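Engineer: Have a look at this one before I ask anything.
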There are 2 protein chains.
Amino acid sequence: MADLDQVLSYVDRERQRFVADLVTWCRIPSISSSEQHRGEVRRSAEHLRERLMALGCTTSAILETKLHPAVYAEWMVDPSKPTLLIYGHHDVQPIDPLPEWHSPPFEPEEREGRLWGRGTVDDKGQVLIHVNAIEAFLRGGGALPINIKMIVEGEEEIGSAHLDDLMQEHRDRLSADFVVVSDTAMFGRGIPSLCVGLRGIAYFDITVRALTMDAHSGSFGGGVQNPANALARLIAGLHDENGAITIAGFYDRVRTLTEGERKEIAALPFDEKAWLASVGATAVAGEKGYSTLERVWTRPTLDINGLSSGFQGKGPKTVLPAFASAKLSCRLVPDQDPREIAKLVEAHFQKHAPAGCSVEVDYLHGGHPYLAPTDHPVYEIAKRAFTRAFGQPTVFIREGGSIPFVRTIADRTGKPCLLMGFGQPDENAHAPNEWLDLENYHLGIKSAVYLYDELSRTK
Amino acid sequence: MADLDQVLSYVDRERQRFVADLVTWCRIPSISSSEQHRGEVRRSAEHLRERLMALGCTTSAILETKLHPAVYAEWMVDPSKPTLLIYGHHDVQPIDPLPEWHSPPFEPEEREGRLWGRGTVDDKGQVLIHVNAIEAFLRGGGALPINIKMIVEGEEEIGSAHLDDLMQEHRDRLSADFVVVSDTAMFGRGIPSLCVGLRGIAYFDITVRALTMDAHSGSFGGGVQNPANALARLIAGLHDENGAITIAGFYDRVRTLTEGERKEIAALPFDEKAWLASVGATAVAGEKGYSTLERVWTRPTLDINGLSSGFQGKGPKTVLPAFASAKLSCRLVPDQDPREIAKLVEAHFQKHAPAGCSVEVDYLHGGHPYLAPTDHPVYEIAKRAFTRAFGQPTVFIREGGSIPFVRTIADRTGKPCLLMGFGQPDENAHAPNEWLDLENYHLGIKSAVYLYDELSRTK
C-alpha cells in the first residue's frame, strides 16, 4: 500500500511539470468538429496513449470509431481490489472568433495563476488530473491502490457520436465498480463540488426556403415570402410571454422539482451578479416562476445558437434572401428524451411553416439528461475525498450543460457516474479565452489521490 | 420642320448600324464600382462625347465629379422651341459571377433577336435610343424639332453619389421644359410603358447585444437573454397578423390608392405565375387587402436582407451568441420620408428592446419615393408617342425598386421626370447575361422620334 503522504508530496514536487505536460498536449489542435483537423485529433489520441504507456499501463489501445479515435488504458493491479473507470475526452471546441483570443488558443500561456488556451480545462486538464494522480501513486508511492481503467474519447464536443458503439463493442473491458467523469466545473473557487444533474440536449439546423435565388428587394419585396422574416416569426413563436416553450408536448416528461431540491439549490452561495458579469450580461431572463439556478439547472430551454441569411457584409445590399438558417438547440431535463423532442420540434415547424415557405428541420444530435442516484454510498466517499483535498465541505450541484456520454456510460456500465469536475463556472470552456485555474488543477490531482485512496477501502 | 417619314425611314435604314454602334460602346468595361476600371469609365465618357460631337451638338463637355465623369451635350436649335433634358448613365454593373455568362460580357453578341452583354440595356442601349433619334432627325430629316440637352452620368450604379452636386453646379445649363429618363423596363414585350411611380428606401443595420462574449448555452441558457432569440422576437413584432407593419406612425404619410389607380393596375396583363417562377417562389405573400402588383408598387415594406449571429459553420456549436445582427430595409411610398422613417424605426426598436438587451439601429442610407404628376400634359403626349411607335396602347406602370436620382432630377429641375424605359422585366440588368431586345431598341428609337415630334408642338 502506497504511503499517501509520499504520493501527495510527489504531487507538490511535480506541480510545475504537470502544467508543462498539459501545455504540450494542448498545443495539438484536436478540434473534432473540423474536417481539416481530423489528423490533429488522431495526433492528440496518440500523444495521450504514449503518455499512458510511459506510466506502465497493463493494456492500452487506440479505439477506432467511424470518425475520431478514443484512447483506452488500464492498470490492473489486483483483481481483489475495486476497479475505477475514468472517462474524459481529448477533443476540443472550435476557436472562432479567433480575434477575440488574448493569446493564441493552441499556445497555452500562464497568466495570473491560470493557464489560457483551448482544451486547458475542457477537457485535457481534467484528464491529466487523473493521469497525474496515477503517476503520483506509481512514482511517488510505488503502487496504485485500486485497479484503474481509462477511456478518453475524441468526439465529446460533437455529441459523443460513437461512444455508445465503443462501449457496446468493449463492454467487457469497461466493466468497473465505480465510474468517474471529470469534465464539469465546481460551484465556485474553493468549493469542492459533485455534479449530480446534467441537462440533455437536442440540436437542430433549421432552414427556411422561399426562393431559388436571392431576389431584388424592390422588384419582389412585399409580393413574396421573405424567408428571413419568416424564420424570425417561427423563432419568436417558440416562446410564450412567460418565457415558456410553446411546442406541443414539450414539457410532458419534465420532472417537477421537489421542495427538498428547491431548498438545496436555494441554500447555495450563488452570486448572481458575478455570474451575470462573467459573460457581460446585465439582467437575468427566462422562464417565469423559477430562480436563476433552477432555470439553468432544472428547466429545459430552447436557444438560437446561430443565424445566417442573405447579405452579411458591410453596408447595404437590397436582396430578399433565398433562404434563412438557424442553429437551434434545446437543453433537456429528466425525463425528456431527445429523439422524442426532435419529433415535436419537427412537427411544430412543419405545422407553423407559412404558405410559400418550406422548412427543413435537420436533427444534428441529441443527448439524454442525467440525474445521479445520490443515495449510492460512493457519493459520501467522494464528498469525503474532496473535502480532504480542499479543506472545505463538498456540495451537490447540477450543471446546465449536457454531457451526453454520462448517460451512455451510466446506462452501459450500470454504475452511477461520479462527476468530479475542477473547472470554474466562468472558464470560457466553449468561448474564446478558455482557462484552467492552476490551483484547482493541483488540488484536483490531490482530490483524485484521496478518492483512489478512499475507494481502495471499499472492498 | 423635318419630314417625320424621312426621319423614320432613316431609323429603318440604319437599324443594323445602330446595333453596331452600341456593340462598340459596350466593349468599354465602364464598371463604376471597380477601382481598377476607373480609366475605362472615363474612356466610356470620352467615347460618348465624341459620338455626340460628331452629331454637331452646340455644346459638349466632360463634367468632372470627385470620382467618375458625366457627359453633357446640347443642341440648342431655337430658343422659341421647347427644351427636353435627357438623362442616362454610361457606367455599368460588375460582371461577377463571370462563369455564368454564356458569352463574354464585354463582347456583345447577337442571338435570337437579343444583344447579350453588360450595359446593353442598362443603360448604354437606352442612351443610344436618344442619340440615334437625334441622328435620325439631323441626318434623315435635316433638323431637330426641339432643343435637346443630355446628361449621361458615370455613377448611377454606385448610387449617383455626385449627381446632386453636378446638378447644383450646372443648374442653369440643365434647365428644361421636359425631362426624360430612359433607364427602366416595360411591363412586358410589346407593351409600351411609362413608369410613373418608384418606391423609396431606408436601409438599416440592426444589432442586438446581450453578452460581451459568446457564452455556453448549457451554463447560461435559460438564465440570460439570448440576443438571437430577442432579435427574432423584435423582427417578428414588426408585422401584424395581416402583414401590416406595426411601427407607430409608419403609415401616416402613405397615400391611399384611388379607385382609378387600383383599376388601372388591375387592368394590366400581369402574369403572376411567371413572375413567381422568375425567382422560384411558390406563393405570393404580404400585406392583406392588396393585389400583388399593388403591394410591390404602391405599399411600403419592411424586409430583412440579411441575418448574422453566433455560429454559422457546419454542424453544432452550443453557444449563446453575444450579439445578433440584421440588415433591414423598408421600401417607401409617397409621401413617406426616409429620415422620418429612420426615426420611427429607431424609436420602435428602443421601445421594444427587452430588459438585458441593448439595440443599436444604424441608418445606412435612404432614398425618397417618387410619384409622377400624371395630370401633367406631357404624360398624354408621351403615351401618344409610344403608342404610335409600338402600335399598342401605352400603360402607366410603377416600379417597386428605388431610383434615387429620379427624385434628385425632379427636385433640381422642378419638372416631372418622364420615365420611358425600353428594358424587359427579365433582362438580367444586374445579373449575368444582361440582354437588350433589339426590336425594342428599334421601336424605342422610333418612340423617341415621335416624342420629340409631339413635344415640338407644345409651344
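No lab work stands behind these numbers, since they all come straight from the coordinates. Given the structure is predicted, the values throughout are model-derived calculations rather than measurements. Cβ atoms come from the backbone with ideal geometry, glycine included; neighbour counts cover every protein chain shown.
Engineer: Under a straight-distance cross-link criterion of Cα-Cα below 29 Å, which lysines are reachable from B:Lys383, leaving out those fewer than 8 residues away in the same chain?
Structural biologist: B:Lys81, B:Lys124, B:Lys149, B:Lys263, B:Lys273, B:Lys415, B:Lys446, B:Lys459
Engineer: Also, quick follow-up: Just to confirm the number: angle between the C-alpha axis of helix B:124-135 and the first principal axis of chain B, 0 to 90 degrees, nearest 10?
Structural biologist: Its long axis makes an angle of about 20 degrees.
Engineer: Starting from the Cα-Cα distance between A:Ser358 and A:Asp78, subtract it from 0.36 nm times their residue separation and give me the gain in nm to one decimal.
Structural biologist: Full-extension gain reported as 94.6 nm.
Engineer: For a protection proxy built on the mean count of beta-carbon atoms within 10 angstrom, sort A:333-344, B:46-57 highest first, please.
Structural biologist: A:333-344, B:46-57
Engineer: Could you give the spread of the C-alpha atoms of region B:152-227 along their three principal axes, from largest to smallest, in whole angstroms?
Structural biologist: Taking max minus min along each principal axis of the Cα atoms, region B:152-227 gives 69, 39, 19 Å.
Engineer: Would region B:173-321 count as rounded, prolate or oblate if I go by the C-alpha gyration tensor, calling it rounded below 1.5 in a/c and otherwise prolate when a/b exceeds b/c, oblate otherwise?
Structural biologist: Judged from the Cα gyration tensor, region B:173-321 comes out prolate (a/c at least 1.5, a/b above b/c).
Engineer: Still on this structure, please answer the following. Rank by packing, highest mean first: peptides B:182-189, B:12-19, A:254-261, A:430-437, with packing defined as the count of other Cβ atoms within 10 Å averaged across residues.
Structural biologist: Taking the mean over residues of other Cβ atoms within 10 Å, the ranking is A:430-437, B:182-189, B:12-19, A:254-261.
Engineer: Once the Cβ-Cβ distance between A:Val23 and A:Ile62 is put in as r, and R0 is 30 Å, what FRET efficiency do you end up with, to the nearest 0.05?
Structural biologist: 0.85
Engineer: Size of the dipole of region B:82-208 about the Cα centre, Lys and Arg at +1 and Asp and Glu at -1 on the beta carbon, nothing else charged, in debye to 20?
Structural biologist: Dipole size: approximately 620 debye.
Engineer: Here's a follow-up. Using the Kirkwood radius over Cα pairs, work out the Stokes-Einstein diffusion coefficient for the protein assembly as shown at 25 °C and 0.890 mPa s, in µm²/s as a whole number.
Structural biologist: The Stokes-Einstein estimate is 78 µm²/s.
Engineer: Based on DSSP, what percent of beta bridges with both residues in the protein assembly as shown are antiparallel, to the nearest 5?
Structural biologist: Counting only bridges with both partners in the protein assembly as shown, antiparallel ones make up about 70 percent.
Engineer: Sticking with this structure for a sec: Scale the Cα Rg of chain A by the rule-of-thumb value 2.2 N^0.38 Å and send over the ratio, two decimals.
Structural biologist: Dividing the Cα radius of gyration by 2.2 N^0.38 Å gives 1.04.
Engineer: To the nearest 20 debye, what is the magnitude of the charge dipole of the protein assembly as shown about its Cα centre, counting +1 on the Cβ of each Lys and Arg and -1 on the Cβ of each Asp and Glu?
Structural biologist: My answer is approximately 680 debye.
Engineer: To continue, here is another question. Apply the Karplus curve 6.51 cos²θ - 1.76 cosθ + 1.60, θ = phi - 60°, to the phi angles in region B:156-168 and return the couplings in whole Hz, x for Gly and Pro.
Structural biologist: 5, 6, 10, x, 6, 3, 10, 5, 5, 4, 4, 6, 5
Engineer: Roughly how crowded by other chains is peptide A:230-238, in terms of the mean Cβ count from those chains within 10 Å of each of its Cβ atoms?
Structural biologist: Partner-chain Cβ atoms within 10 Å, mean over residues of A:230-238: 6.
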